[in-house]
Amino acid sequence: MLKEERQQLILEKLSTDKKVTLVELGQLLKVSYDSVRRDVIELEDRGLLKKVHGGAIANSYLSMKASRGLGIANNEFGVISKKAQKLIENHSIILMDGGTTNFYLAEQLPKNLEITVVTNNPHLATALAEHPKIEVILLGGSFYKRYQITLGSKTMQDLEHINADLYFMGINSVHPQKGLAIRQYEESLLKRKMMSVSRKTVACVIEEKLNRIENYKVCDLNDLDYLVTSLHPTDKTLAQFHQSRVEIL
């Protein structure tokens, strides 16, 4: 069985059972515990489930592709996308990196929008192929399979030639005191570089990433210009975030 087939079956299992152990998945898929564990880690990194001790539980969100495959509507991404689009002006240069939310946003951009999108995410670049007026610049570098992005010194060098108007940062956690963080060290350095070549930085964040802490810090909350969520800006979940300078949409 191919990896993609295994991962689709894992998502289908979670869509009905909501929680499953790695042992159960190994028996279901007839593969080793380590193989299942790697699949679950990869799916969590893509935002499709949440890994817990000895197993996995269903997320309240799925990527656009997974939602289509499982027939699940997703309103949270839709709300975030509509808010984020208001920040994008015609003829601007937009920097977008990896992440499910960024991929969804790219797919939903208006077809008549005239902008340049710079990205290290090949899948996001491909999604924009259907937007005739959007120019796409794909950053070079080593392709990091687990996160489906380019990384490394070549990616950093390519960014030296960019002056972006807006940077949409994919992120794993946002905390009022601990700031924004992700799970991979080298990528955290790349995100800091992307911030440095951009006039303003935006984080589009689903609710489950709020008030969480991940391993590798990218920046403080005050370094962010816009925080976009599906919640109303006055929602109590966002109360502590209002103590920073970030504009909450």
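The values are calculated or read from the model by the stated rules, or taken from the named source; none is laboratory data. All figures in this text were calculated on a predicted structure; none of them were measured in a lab. Cβ coordinates were reconstructed from backbone atoms using ideal geometry, including for glycine residues, and neighbour counts include every protein chain displayed.
Tally up the residues in segment 141-171 that are assigned to a strand (DSSP E or B) and either of a type outside the set (Gly, Ala, Ser) or farther than 21 Å from ASP45 by Cβ (or both), please. Residues that pass the stated criteria total 11. Quick one: would you say VAL197 is modelled with pLDDT of 95 or more, under 25 Å from ILE88 (Cα atoms) and surrounded by fewer than 20 Cβ atoms within 10 Å (Cβ to Cβ)? Here the answer is yes, as VAL197 does meet what is asked. When segment 151-165 is limited to residues that are free of Cβ contacts under 8 Å to residues at least 40 places away in the same chain and polar (S, T, N, Q), the one that is surrounded by the fewest Cβ atoms within 10 Å (Cβ to Cβ) turns out to be SER153. For segment 171-189, the set of residues classified as among the small types (Gly, Ala, Ser) and touching a helix residue (DSSP H, G or I) at 6+ places or on another chain (Cβ under 6 Å) consists of SER173, GLY179, listed by residue number. Taking segment 89-111 as the range and being over 18 Å from LYS193 (Cα atoms) and of a type in the set (A, V, I, L, M) as the test, the residues that pass are LEU105, ALA106, LEU109. Across segment 104-132, what is the number of residues that are over 21 Å from MET156 (Cα atoms) and either under 19 Å from the mean Cα position of the chain (by Cα) or not assigned by TED's automatic domain parsing to the domain that holds MET156 (or both)? Residues in segment 104-132 being over 21 Å from MET156 (Cα atoms) and either under 19 Å from the mean Cα position of the chain (by Cα) or not assigned by TED's automatic domain parsing to the domain that holds MET156 (or both): 9 in total. The one condition from (1) surrounded by fewer than 20 Cβ atoms within 10 Å (Cβ to Cβ); (2) at pLDDT 95 or above; (3) farther than 21 Å from ILE149 by Cβ that LEU227 does not meet is (1). Here are the criteria: (1) crowded, with 17+ Cβ neighbours inside 10 Å; (2) in a helix (DSSP H, G or I). Tell me which single one GLU107 does not satisfy. Going through the list (1) crowded, with 17+ Cβ neighbours inside 10 Å; (2) in a helix (DSSP H, G or I), GLU107 breaks only (1).
Meeting the requirement of 1 or more residues that are within 25 Å of the chain's Cα centre (by Cα) and within 20 Å of PHE77 (Cβ to Cβ), the helices (runs of 4 or more DSSP H) wholly within segment 3-55 are 3-17, 33-45. Residue-level check: of (1) of a type outside the set (Lys, Arg); (2) surrounded by fewer than 18 Cβ atoms within 10 Å (Cβ to Cβ); (3) within 16 Å of the chain's Cα centre (by Cα), CYS204 misses just (2). Checked against (1) under 25 Å from LYS86 (Cβ atoms); (2) in contact (Cβ under 8 Å) with a residue 40 or more places away in the chain, GLU187 passes all but a single condition, namely (1).
Rundown of residues vs (1) at negative phi; (2) modelled with pLDDT under 95; (3) surrounded by 21 or more Cβ atoms within 10 Å (Cβ to Cβ); (4) not assigned by TED's automatic domain parsing to the domain that holds THR237, yes/no style:
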position	(1), (2), (3), (4)
THR101	yes, yes, yes, no
ILE149	yes, yes, yes, no
TYR167	yes, no, yes, no
ARG183	yes, yes, no, no
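Contact map, segment 231-249: first residue surrounded by 12 or more Cβ atoms within 10 Å (Cβ to Cβ), second residue at pLDDT below 90 and not hydrophobic (A, V, I, L, M, F, W, C), Cβ cut-off under 8 Å, separation 6 or more or different chains; pairs are LEU231/GLU207; THR237/GLU207. Of the residues in segment 75-85, at least one is among the polar types (S, T, N, Q), modelled with pLDDT under 80 and more than 15 Å from the chain's Cα centre (by Cα).
Within segment 207-240, the only residue that satisfies the criterion of being more than 18 Å from the chain's Cα centre (by Cα) and closer than 24 Å to GLU44 by Cβ is THR237.
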